[in-house]
Amino acid sequence: MNLKKKIVVFVCLMCAVLLSACGKVLDDSRISLPPTITETPPSPSVPSVRIEKYVLQDEEYDISVEYPVISGLADADIEKKINEMLYKTYIGYVLNEDTRPNEDNTRCYIEYVDAERFSVSFFSTVYYTGAAHPLFPRGATNIDLRTGEIIPLESVVDIDALRNAFDAELFEVSSGNTEAYPSSPLIWGATWFEQYYLGDEHVHDFWYNDDYLYVVVQVQYTYGYSVVLRTALSNVKP
């Protein structure tokens, strides 16, 4: 199952549990987003990452999905591998009629790029005909440009330090409802660390730069489905 489908399925399940009796539409004006960076500036040592767009508009579908494309790697095979993976991850679900939503507005943001790795995040507004509410999936992809492999969370941070950072409330809201953290009630009564870390593998719910770690945490519908928290990278290192 690809990234976007996994996130949509998770949020659908969450909606069904929490909101089956609720009919109002979320006021998405509370959801803050960073400005879109459409292309990284050229550099002799840093590859270029640009944002392209897949569009499908007819009587049944209104889809506009951005996806990243990388160029300028010295190894053409790794560059091809990365671009094929990104296309499949970000576009594959809308090419499949079984998973294609009726409406999808997905925006990508280049979060970090250097000669060795890059990070890209996305935010979507997704709607399936007949659903009571739109969905708002968030996620990210971090790729090692030397190997073409996705970077897992465990290779970036120390998990015990991550737990301690959550317990000590060393995070702050970077994007989303600022009232969600740290006081909002969490699903199933979990701690913030449990809400974020326990469960599926962690390869598409974080990104990082030289200074900060950003994590995507699922929250209740009234707080916008998810929130992006950040903490200093030094807080989650051994």
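Go through segment 168-202 and give me each residue that's in a loop (DSSP other than H, G, I, E, B) and either among the basic types (Lys, Arg) or touching a Leu at 6+ places or on another chain (Cβ under 7 Å) (or both).
Step one: filter segment 168-202 for residues in a loop (DSSP other than H, G, I, E, B), giving 168-171, 176-186, 190-191, 198-202.
PHE171, TYR181, HIS202 - these are the residues of segment 168-202 that are in a loop (DSSP other than H, G, I, E, B) and either among the basic types (Lys, Arg) or touching a Leu at 6+ places or on another chain (Cβ under 7 Å) (or both).
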| Subset of segment 176-214 that is in contact with a Phe, Trp or Tyr (Cβ under 8 Å, 6 or more places away or on another chain) and small (Gly, Ala, Ser) - its residue that is farthest from ASP160 (Cα to Cα) | GLY176
| note | Being among the hydroxyl-bearing types (Ser, Thr, Tyr), touching a residue at least 24 places away in the same chain (Cβ under 8 Å) and assigned by TED's automatic domain parsing to the domain that holds VAL217 narrows SER174, SER183 down to just SER174
| request: Run down THR125, THR147 and say which single residue is in a strand (DSSP E or B), in contact (Cβ under 8 Å) with a residue 24 or more places away in the chain, in contact with a helix residue (DSSP H, G or I) (Cβ under 8 Å, 6 or more places away or on another chain) and of a type outside the set (A, V, I, L, M, F, W, C). | output: THR125
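Only one of ASN209, ASN164, ASN142 is closer than 30 Å to ARG100 by Cβ and either surrounded by fewer than 16 Cβ atoms within 10 Å (Cβ to Cβ) or touching a residue at least 60 places away in the same chain (Cβ under 8 Å) (or both); which?
ASN142
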| request: Mind telling me which of the residues ILE70, ILE110, ILE82, ILE78 ends up being over 16 Å from the mean Cα position of the chain (by Cα), assigned by TED's automatic domain parsing to the domain that holds PHE136, outside any helix (DSSP H, G or I) and modelled with pLDDT of 95 or more? | output: ILE70
| Cross-chain or 6+ apart pairs with Cβ under 6 Å, segment 98-117 first and of a type in the set (S, T, N, Q), then crowded, with 19+ Cβ neighbours inside 10 Å | THR99/TYR93; THR106/VAL65; THR106/GLU66; THR106/PHE122; THR106/SER124
| Quick one: is TYR214 hydroxyl-bearing (Ser, Thr, Tyr), within 26 Å of SER119 (Cβ to Cβ), part of a loop (DSSP other than H, G, I, E, B) and touching a strand residue (DSSP E or B) at 6+ places or on another chain (Cβ under 6 Å)? | no
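The values are calculated or read from the model by the stated rules, or taken from the named source; none is laboratory data. All values derive from a computational prediction rather than experimental measurement. With ideal geometry, Cβ positions are generated from the backbone for all residues, glycine too; neighbour counts draw on all protein chains shown.
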